[in-house]
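The values are calculated or read from the model by the stated rules, or taken from the named source; none is laboratory data. All of these numbers come straight from a predicted model, not from anything done at the bench. Cβ: placed from backbone, ideal geometry, glycine included. Neighbour counts: every protein chain shown.
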Amino acid sequence: MKRTKLLFALALALPLLSATSSMADGFTGAGVTYGMDNGGSLGFRGEYDISSMVDHKPVSIVGYYKSASETFYGISAGTSAFGFTANYDLSKELKVQNRQLHPFVGVGMERVTAEAVSPGLPPLIPAAKVSASKIDLSYSFGAKYSINKEFDVSGSLDSFGGITLGANYKF
């Protein structure tokens, strides 16, 4: 099941990952994330600059997939989120002097799925599997720091994953 979800998320993210810099005004990239909430969440993201479509404002679209799971007394629980945010670079508004530092704020939509599986206690308690999904508003605010022309690191507070750290490769 996890493999199917990962393949599905990769297939959806492929257009973001295969975008070339000629399709974007500037930064287009992909990376991995680690969120410190939900028992620790791992994820990946793709970013596409759309500033030419919005009157040259510093806006990019970020697509992401994050997943967290843990087991407690034989009951395994997992949560995943797939979503998109429109991120706005606040560098000019905040008058950031360091050109490598890019504070941002983002808002969008995400689909969150939670699943719990209990092995039960035969013959007294049967095994059970429960899952639920919802579509919700997503948010993110934080900063990216460019290490060089190819890599940057990020730190943010996200709606899924809480405090999230990331490493990104720029195409």
- Query: List pairs: first in the stretch 111-134 and on the phi > 0 side of the Ramachandran plot, second in a strand (DSSP E or B), Cβ under 8 Å, 6+ apart or cross-chain?
  - Reply: 120/128
- Message: Could you check the stretch 31-68 and list, in sequence order, the residues that are free of Cβ contacts under 8 Å to residues at least 24 places away in the same chain and part of a strand (DSSP E or B)?
- Response: none
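Confirm whether residue 71 is of a type in the set (Val, Ile, Thr), part of a strand (DSSP E or B), at pLDDT below 95 and surrounded by 18 or more Cβ atoms within 10 Å (Cβ to Cβ). Working first, answer last.
Values: of a type in the set (Val, Ile, Thr): yes; part of a strand (DSSP E or B): yes; at pLDDT below 95: yes; surrounded by 18 or more Cβ atoms within 10 Å (Cβ to Cβ): no.
So residue 71 fails the test.
Are any residues in the stretch 112-171 of a type in the set (Ser, Thr, Tyr) and part of a loop (DSSP other than H, G, I, E, B), and if so, which ones? If you could, list the steps in order and put the result at the bottom.
Kept after step one, since they are of a type in the set (Ser, Thr, Tyr), are these residues of the stretch 112-171: 113, 118, 131, 133, 138-140, 145-146, 154, 156, 159, 164, 169.
Correct list: 159 only.
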- Note on the structure: Only one of (1) of a type in the set (S, T, N, Q); (2) surrounded by 13 or more Cβ atoms within 10 Å (Cβ to Cβ); (3) within 17 Å of residue 67 (Cβ to Cβ) does not apply to residue 131, and that is (2)
- Task: With respect to residue 76, determine if the residue is of a type outside the set (Asp, Glu), under 21 Å from residue 165 (Cβ atoms), part of a strand (DSSP E or B) and modelled with pLDDT of 85 or more.
- Result: no
- What tally of residues in the stretch 96-128 results from selecting those that are over 24 Å from residue 161 (Cα atoms), loosely packed, with under 15 Cβ neighbours inside 10 Å and of a type in the set (A, V, I, L, M)? 5
